[in-house]
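Peer 1: Take this structure, written in structure tokens, and hold onto it; I'll ask about it next.
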Amino acid sequence: MAQASGRQAVDESTLRLNFESIMPNPNLSTFSPAELVPSSQTERTRFGRDVIAGLRQEARRLSPKYFYDVAGSALFDRICELPEYYPTRTEIGILRDNAKAIAEVVGPNAEVVEFGAGSLTKIRLLFDAFAAGEAPLRYMPVDISGEHLHMAARRLQAEYPALQIQPVVADYTMPLILPKAAADSGKRVGFFPGSSLGNFQPDEALEFLRLAARLLQGGGLLVGVDLVKEPAVLHAAYNDDQGVTAAFNLNLLRRMNAELAADFDLNGFAHYAFYQAARQRVEMHLVSKLRQTVRIGEERFDFAEGDSILTEESHKFTVDSFRALAAAAGFSPGPVWIDEQRLFSVHWLVVR
Ligand code: AVJ
């Protein structure tokens, strides 16, 4: 699409290679479902490598980015609908209530890069905020899950026929190369909703924001950040009554069984999530209910009763602590929009 149209000032010699390496299938119109596999061999290998490295550590841990296989993504969508899980609906409300002001800071004809695009629902709120003739020209959703991304991009294209959509299948926790901006476009603007930034460790969050600032020169970043609040409210959001969050956490074991020839007993582990106030983060763990040995391919891992695997850290911020982090990464913090109950925040950060 955008690549073939020749509208953008692409430095062909350097970018062609990068395009091919990060975007195996950039042309939506020639996309065919038959080309898709649930998880590539390489991804499986990387997944396996990360899992084994994480479980060999003294404090066992797995990266939360591996929650989102097809089943995990569906469970996450259900989490977003739970009465206890306030972030999604609160952020959507903030984006809706402040659409005009947000469109104003983003400016006309922007190029929007979304990090971890998922099912592309929140971006519609952003697009719909613009007056006719000022909407973003180009949209580059970056997501690790190529199958899901291409399908969502096709649906979005049907709704926004004028928008140039350039899906980028990549892990946004790694340095990323994007095509050069089109000559006629406005600012390059990052969109990072959902408080996904909270999944990074503090040093990783700083590094991510630094890379984002480099990628978004001359533009800015619109980022959703969950706020520090009453611990009971945070606790409930990760310990829902219906057990969907527990199923989401345990699904990681099922995924390892399916993709890495592991033999985790899903009944042998308990979902355990709590708010650690001293670190301003929710931690999710899988705790072994008994002494057991688990096989992952050729590897064996012993668990004593009560041993835990850390599966997610979800950091919470105050407005000030987040603005300080953004400033340290090379942004000038701009306006911040917050709901009435002060549950969630959406920040506009200008690249310095
Ligand atoms: C998508 C990372 C923002 O941390 O709240 C939801 C994921 N984990 N319930 C979060 C999640 C458990 C979510 N993020």
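The values are calculated or read from the model by the stated rules, or taken from the named source; none is laboratory data. Please read all numbers here as calculations on a predicted model, not as lab measurements. Please note: Cβ atoms are built from the backbone with ideal geometry, for glycine as well, and neighbour counts cover all protein chains shown.
Peer 1: Is there a residue in the range 311-323 that is away from the ligand (no atom under 15 Å from the Cβ), within 22 Å of V223 (Cα to Cα) and among the acidic types (D, E)?
Peer 2: Yes: the range 311-323 contains one or more residues that are away from the ligand (no atom under 15 Å from the Cβ), within 22 Å of V223 (Cα to Cα) and among the acidic types (D, E).
Peer 1: Could you check, for the range 218-226, whether at least one of its residues is outside the structural domain of V112 (by TED's automatic domain parsing), in contact (Cβ under 8 Å) with a residue 24 or more places away in the chain, more than 12 Å from the ligand (Cβ to nearest atom) and aliphatic (A, V, I, L, M)?
Peer 2: Scanning the range 218-226 turns up no residue that is outside the structural domain of V112 (by TED's automatic domain parsing), in contact (Cβ under 8 Å) with a residue 24 or more places away in the chain, more than 12 Å from the ligand (Cβ to nearest atom) and aliphatic (A, V, I, L, M).
Peer 1: Quick check on my filter: what residues within the range 292-314 are exposed (fewer than 11 other Cβ atoms within 10 Å of the Cβ) and part of a strand (DSSP E or B)?
Peer 2: Of everything in the range 292-314, those that are exposed (fewer than 11 other Cβ atoms within 10 Å of the Cβ) and part of a strand (DSSP E or B) turn out to be T293, R300, D302.
Peer 1: Moving on to the next point. Cβ-Cβ under 6 Å, sequence separation 6+ or interchain: first residue in the range 68-94 and within 22 Å of A152 (Cα to Cα), partner part of a helix (DSSP H, G or I) and away from the ligand (no atom under 13 Å from the Cβ). Which pairs?
Peer 2: D69/R255
Peer 1: Tell me which residues, restricted to the range 198-231, are closer than 21 Å to Q341 by Cα and either among the aromatic types (F, W, Y) or touching a strand residue (DSSP E or B) at 6+ places or on another chain (Cβ under 8 Å) (or both).
Peer 2: Initially, the range 198-231 is screened for residues closer than 21 Å to Q341 by Cα, giving 198, 222-231.
G198, L222, V223, G224, V225, D226, L227, V228, P231, listed by residue number.
Peer 1: Next question, about the same structure. Go over the candidates L149, L120 one by one and state the one that is assigned by TED's automatic domain parsing to the domain that holds K180, in a loop (DSSP other than H, G, I, E, B) and buried (at least 21 other Cβ atoms within 10 Å of the Cβ). Steps first, please.
Peer 2: Values: L149 fails: in a loop (DSSP other than H, G, I, E, B).
Exactly one of L149, L120 is assigned by TED's automatic domain parsing to the domain that holds K180, in a loop (DSSP other than H, G, I, E, B) and buried (at least 21 other Cβ atoms within 10 Å of the Cβ), namely L120.
Peer 1: Here's another thing I want to ask about it. Can you tell me which of (1) within 13 Å of the ligand (Cβ to nearest atom); (2) surrounded by fewer than 19 Cβ atoms within 10 Å (Cβ to Cβ); (3) within 16 Å of the chain's Cα centre (by Cα) is the one P175 doesn't meet?
Peer 2: With respect to (1) within 13 Å of the ligand (Cβ to nearest atom); (2) surrounded by fewer than 19 Cβ atoms within 10 Å (Cβ to Cβ); (3) within 16 Å of the chain's Cα centre (by Cα), P175 is out only on (1).
Peer 1: List the pairs whose first member sits in the range 269-290 and is in the same structural domain as Y66 (by TED's automatic domain parsing) and more than 20 Å from S63 (Cβ to Cβ), whose second member is β-branched (V, I, T) and away from the ligand (no atom under 14 Å from the Cβ), and whose Cβ atoms are under 8 Å apart, counting only residues at least 6 apart or on separate chains?
Peer 2: A270/V287
Peer 1: Turning to a different aspect of this structure: Search the range 247-268 for residues that are without any contact (Cβ under 8 Å) to a residue 12 or more places away in the chain and pair each with any residue that is buried (at least 18 other Cβ atoms within 10 Å of the Cβ) when their beta-carbon atoms are under 7 Å apart and the residues are at least 6 apart or on different chains.
Peer 2: N257/F264
So that you can scan it fast, the table gives a plain yes or no per residue for (1) among the β-branched types (V, I, T); (2) at pLDDT below 95; (3) away from the ligand (no atom under 16 Å from the Cβ):
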site	(1), (2), (3)
V244	yes, no, no
A247	no, no, no
D263	no, no, yes
E283	no, no, no
Q292	no, no, yes
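Peer 1: With respect to R78, determine if the residue is modelled with pLDDT under 95, outside the structural domain of L125 (by TED's automatic domain parsing) and in a helix (DSSP H, G or I). First the steps, then the outcome.
Peer 2: Values: modelled with pLDDT under 95: no; outside the structural domain of L125 (by TED's automatic domain parsing): yes; in a helix (DSSP H, G or I): yes.
Considered against the rule, which asks whether it is modelled with pLDDT under 95, outside the structural domain of L125 (by TED's automatic domain parsing) and in a helix (DSSP H, G or I), R78 comes out as no.
Peer 1: For the condition under 30 Å from M140 (Cβ atoms) and of a type in the set (V, I, T), what is the one hit in V228, V233, V223? It would help to see each step written out before you state the result.
Peer 2: Details: V228 fails: under 30 Å from M140 (Cβ atoms); V233 fails: under 30 Å from M140 (Cβ atoms).
Sole residue among the options that is under 30 Å from M140 (Cβ atoms) and of a type in the set (V, I, T): V223.
Peer 1: Separate question: Name the pairs: first residue in the range 160-181 and under 16 Å from G146 (Cβ atoms), second residue modelled with pLDDT under 85 and surrounded by fewer than 15 Cβ atoms within 10 Å (Cβ to Cβ), Cβ to Cβ under 7 Å, at least 6 apart or on different chains?
Peer 2: V169/P24
Peer 1: Got at least one residue in the range 195-202 being within 12 Å of the ligand (Cβ to nearest atom), within 13 Å of the chain's Cα centre (by Cα), within 22 Å of V351 (Cβ to Cβ) and surrounded by fewer than 20 Cβ atoms within 10 Å (Cβ to Cβ)?
Peer 2: Pass one, the range 195-202, residues within 12 Å of the ligand (Cβ to nearest atom): 195-200.
When the remaining residues are screened for being within 13 Å of the chain's Cα centre (by Cα), the result is 195-200.
Subsequent filtering for residues that are within 22 Å of V351 (Cβ to Cβ) retains 195-198, 200.
When the remaining residues are screened for being surrounded by fewer than 20 Cβ atoms within 10 Å (Cβ to Cβ), the result is 200.
The answer is yes, given that some residue of the range 195-202 is within 12 Å of the ligand (Cβ to nearest atom), within 13 Å of the chain's Cα centre (by Cα), within 22 Å of V351 (Cβ to Cβ) and surrounded by fewer than 20 Cβ atoms within 10 Å (Cβ to Cβ).
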